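Working notes, beginning with the structure itself.
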Amino acid sequence: MNSLFASTARGLEELLKTELENLGAVECQVVQGGVHFKGDTRLVYQSLMWSRLASRIMLPLGECKVYSDLDLYLGVQAINWTEMFNPGATFAVHFSGLNDTIRNSQYGAMKVKDAIVDAFTRKNLPRPNVDRDAPDIRVNVWLHKETASIALDLSGDGLHLRGYRDRAGIAPIKETLAAAIVMRSGWQPGTPLLDPMCGSGTLLIEAA
């Protein structure tokens, strides 16, 4: 069983919980901004492919207490990164949250990056390169008070990017939010659906 986390827009957590349970998730726990859940490898793929409400699916790797920047560095380096990806892969770090020690998210991301790179070089392996635009591996770190939560982002690009648009219109509604609106509306497939202010048609496309 994998422990996982699905993020979503605030206010959609309960809908997402129901959706994940319908896909086979167990031990679902709603928190602000997402749902913790458990499932096998099959569910990981199903949630990535079929969730219409999740923004991202994360695989938590661990937590560490951060009372200094060294604590963050050592906490990240304690994870066995060399077992997760090879040095030929590129990676990027997304860091969010601040505390009295880490007062800048870019500084936090740099410490995480250094810890990951050093985990390779200390084993006499080539250092993996950072690619902020199209990385092979995405590492997410959330810092809340003195606790840093570290996770792998399994989604790649955000799951709201369905892949059916070459370009978006002006101020488009996110596909995940459009899907939630359709679900909340009570609309049933096979019945008429009218969107008189359709813009780029996101609501109608999500209902299709």
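Check whether at least one residue in segment 78-94 is without any contact (Cβ under 8 Å) to a residue 60 or more places away in the chain, in a helix (DSSP H, G or I) and closer than 19 Å to Phe5 by Cβ, and report yes or no. Steps first, please.
First pass over segment 78-94, keeping only residues without any contact (Cβ under 8 Å) to a residue 60 or more places away in the chain: 78, 80-83, 85-94.
Next, only the ones that are in a helix (DSSP H, G or I) stay: 81-83.
Checking the rest, the ones that are also closer than 19 Å to Phe5 by Cβ come to none.
The answer is no; no qualifying residue exists.
Out of (1) more than 14 Å from Ala151 (Cα to Cα); (2) loosely packed, with under 15 Cβ neighbours inside 10 Å; (3) of a type outside the set (D, E, K, R), the odd one out for Asn80 is which?
(1)
Being touching a Lys or Arg at 6+ places or on another chain (Cβ under 8 Å), assigned by TED's automatic domain parsing to the domain that holds Asp71 and within 24 Å of Ser68 (Cα to Cα), is that true of even one residue in segment 99-109? Walk me through how you get there before you give the answer.
Filtering segment 99-109 down to residues touching a Lys or Arg at 6+ places or on another chain (Cβ under 8 Å) leaves 99, 102.
Retained after the next criterion (residues that are assigned by TED's automatic domain parsing to the domain that holds Asp71): 99, 102.
This time we only want the ones that are within 24 Å of Ser68 (Cα to Cα), so: 99, 102.
Within segment 99-109, one or more residues are touching a Lys or Arg at 6+ places or on another chain (Cβ under 8 Å), assigned by TED's automatic domain parsing to the domain that holds Asp71 and within 24 Å of Ser68 (Cα to Cα).
Under 8 Å between Cβ atoms, at least 6 apart or on separate chains: pull out the pairs that start in segment 13-37 with a residue that is in contact (Cβ under 8 Å) with a residue 60 or more places away in the chain and end on any residue that is exposed (fewer than 13 other Cβ atoms within 10 Å of the Cβ) and in a helix (DSSP H, G or I).
What qualifies is Leu15/Arg184.
Yes or no: segment 32-55 includes at least one residue that is β-branched (Val, Ile, Thr), in a helix (DSSP H, G or I) and surrounded by 13 or more Cβ atoms within 10 Å (Cβ to Cβ). Steps first, answer last, please.
Taking segment 32-55 as the starting set, the residues that turn out to be β-branched (Val, Ile, Thr) are 35, 41, 44.
Pick out the ones that are also in a helix (DSSP H, G or I) and you get 41, 44.
Next, only the ones that are surrounded by 13 or more Cβ atoms within 10 Å (Cβ to Cβ) stay: 44.
Looking through segment 32-55, at least one residue is β-branched (Val, Ile, Thr), in a helix (DSSP H, G or I) and surrounded by 13 or more Cβ atoms within 10 Å (Cβ to Cβ).
The values are calculated or read from the model by the stated rules, or taken from the named source; none is laboratory data. What you are looking at is a predicted structure, and each value in this text was computed from that prediction instead of being measured. Glycine also receives a Cβ, built like all others from the backbone with ideal geometry; neighbour counts cover every protein chain displayed.
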